[in-house]
Amino acid sequence: MTLLIAIIILALVFDYINGFHDAANSIATVVSTKVLTPFQAVVWAAFFNFVAYWIFQDHAVANTISKTVNKEFITLPVILSGLIAAIFWNLLTWWYGIPSSSSHTLIGGFAGAAIAHAFIDSGELIAWNKIVESQTIIKTVLFIFFAPMIGMIISIFITIVTVARNIWMRCAIICAATFLTVVIFDTFEEGKMKEGLKKFIKLDKYETDYAKASSAFQASPSDSSLIIKEREASKKLGDAQVIFNTLVPRVILYDEIGTDSIVNYAYHNGLLKDIEVSRLKDATRNANNYLILESLAAENPEFKDRFDVAKTETEKYKSPLKLYLKQEISLDSTLAAINAIYPIDPKSWEKVKSKIEKFDIKKDFKKDIEKSENYAIVWGIILTAVFFMLAYIYVEKIKTPNAHSVASMFKKLQLFSSAAFSIGHGGNDAQKVMGIIGAALIASGQIQDFGQLPGWVPISCYLAIGIGTMSGGWKIVKTMGTKITKVTPLEGVAAETAGAFTLFFTGQMGIPVSTTHTITGSIIGVGATKRLSAVRWGVTSSLLVAWLLTIPVSAVLAGLVYWITTLIH
């Protein structure tokens, strides 16, 4: 428990450092264009960092980070080593004013420590894709290039549209672009709801179980026990597929029929019956210290036999729990039956009782569906487009346009665009630390999966990054705000808006991108719109080298830290 608390504290320290390290991303253009003073800018950015807590409900990026390393290689020392390496590299790059990626530092550190753990424990090299989630790493590396490119393309588009002479043509383009963006985000929402449904009914688990059973059966077709296992796995998979295919059409119509309609249909048609028993069984045995025993067994062979017994026996909890759900036996009788199957720890008795008593499959299912909705982001995009169009119409059609009024409008708009980028920054970067804390809670047996993340975790992470942003990072502000290209208020609006859209886009996809890379690409885009020579490409190429080095350097540092901790331990 002491190590877990130390990891949580260090994770929040990293989040704080991330805030002042990446403060420049949110405020560099606002400060360089003199729209706000440095102090006003960091307070503004910090406030909207925390506002992101109410906008990003799904925590898809955090979930991705928590799964960077395969579960069997996640231990508390691995997470600790990754955090120490990430903090060291972040402070080093901050000291030298290099806008490196805090996100990639964290991912590299986590992966590097896990690889070192696997090598030291086994004494031989293990294929890296067996230790880390290769898809996550590959996607993250690809977006070192894609995130700034997306930001650059969007900023160029916004700049060109903004300087267009015909205001009505400008508004028409904005409407078309907004419509396309809403369609894309609706597609993301639908995909995430399907993915969440698949996980909720355990279809992904049954697919894995069937694949394993089928492979074993093909290897030994004469083994009768393997035939039985293969048939059982096939039946479970088939039942889950029927439920999935039945509910998918309703999930697609989520916006029209609402959550309650989907939940009630599933419940009253018995589609959640088997899942209900299974989830209640999991909740009951987890409340009886099952996850903690699993964690101890992974690190200490002495606990393995005890865990194997617990795993087998607690599966039998299903029988009395099924009777309880049918209201055929009382809660006290259920507890007595469970205790007779596999004893309840006296200290956990009330906890187990509370879990059974308060269990509600309909509430769980509703919560799981709703966490994928992105109405706040979609409406934010629509209102942003409307706000920009009204501002253009007011300045150019209602008032007599002149250089002063246009410049004043863009200075005011820059407050709005900076706020949007700060929300994207908070929503993207705070989630990465949430992912690390989630991984630590899973590794220590406190929770079963990321879906059970306690409410205090996101609140503390958003708060830490907000406080960190208030501390500022003035060396990086100078690099981002002046060294890449000279930025005007108009270009600041274009760069920040492009960066915000990129962060919302990747956040919905669950891709952990760098806010540093994103805003850099956006600033390059507005500079290139004037002329290519307006961008200081020498500075840009130096930044690219730092970006490429971040993941491997962090991985090596984390590996060294892990090796040192094993020597001390």
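Hey, what did the chain get for relative contact order, percent, Cα under 8 Å, at least 6 apart? Let's see the in-between values first.
Details: 832 pairs, mean separation 234.6, N = 569.
In percent, rounded to a whole number, it is 41.
Sorting 250, 306 from the fewest to the most surrounding beta carbons within 10 angstrom yields 306, 250.
For the stretch 348-424, a crude dipole built from +1 on the beta carbon of Lys and Arg and -1 on the beta carbon of Asp and Glu, taken about the Cα centre, is about 140 debye to the nearest 20. For helix 403-443, what angle does its Cα long axis make with the longest principal axis of the chain, in degrees from 0 to 90 and rounded to 10? Helix 403-443 and the main axis of the chain meet at about 20 degrees. Could you check the simple spin-label distance between residue 309 and residue 220, using points 7 Å along Cα→Cβ, in nm with one decimal? Rounded to a tenth, the inter-label distance reads 2.6 nm. Phi-derived couplings, Karplus 6.51 cos²θ - 1.76 cosθ + 1.60 at θ = phi - 60°, listed residue by residue for the stretch 315-330: 4, 6, 4, 4, 4, x, 5, 5, 5, 5, 5, 7, 6, 8, 9, 7 Hz, with x used for Gly and Pro. Computed about its Cα centre, the charge dipole of the stretch 198-369 is approximately 240 debye, with only Lys, Arg, Asp and Glu carrying charge at their Cβ. Axis angle, to the nearest 10 degrees, between helix 76-95 and the longest C-alpha principal axis of the chain: 10 degrees. Bridgeable aspartates and glutamates around residue 194 (alpha carbons under 18 Å apart, same-chain partners fewer than 8 residues away excluded): 58, 186, 204, 207, 239, 255, 256, 260, 364, 368, 370, 373.
What's the magnitude of the charge dipole for the chain around its Cα centre, counting Lys and Arg as +1 and Asp and Glu as -1 at the beta-carbon? Answer in Debye, nearest 20. All intermediate terms of the calculation are to be shown ahead of the outcome.
Values: 52 positive and 46 negative charges, 317 e Å.
Using Cβ point charges on Lys, Arg, Asp and Glu, the chain gives about 1520 debye.
Positive end of the dipole of the stretch 107-191 (Cβ unit charges, origin at the Cα centre): among 128, 162, 148, the Cα lying farthest that way belongs to 162. Remark on residue 132: its backbone amide H falls under 5 Å from those of 70, a criterion applied only to residues 5 or more positions apart or on other chains, H modelled at 1.01 Å from N.
For the charge dipole of the chain, defined by +1 on Lys and Arg C-beta atoms and -1 on Asp and Glu C-beta atoms about the Cα centroid, which residue among 494, 507, 52 has the Cα displaced farthest towards the positive pole? Farthest towards the positive pole: 494. In the set (1) 46, 29, 21; (2) 67, 31, 19; (3) 64, 37, 24, which value of semi-axes √(5λ) of the Cα gyration tensor in Å was calculated from the structure you see? So the structure-derived entry is (1). Between the stretch 358-398 and the stretch 61-134, what is the C-alpha centre distance in whole Å? Taking the Cα centre of each part, the stretch 358-398 and the stretch 61-134 sit 34 Å apart.
The stretch 222-265 and the stretch 267-312 have Cα centres lying 21 Å from one another. Per residue, the average separation of C-alpha pairs within less than 8 Å and at least 6 apart gives the stretch 198-369 a relative contact order of 23 percent. Short to long, the 5 Å bins of the Cα pair-distance histogram for the stretch 198-369 hold 1, 8, 13, 15, 16, 17, 15, 9, 4, 1, 0 percent of all pairs.
The numbers here are math on the coordinates, done by the rules we state, and not lab data. Just so you know, these numbers come straight off a predicted model, no measurement behind them. Note that each Cβ is placed from the backbone with ideal geometry, even for glycine, and that neighbours are counted across all protein chains shown.
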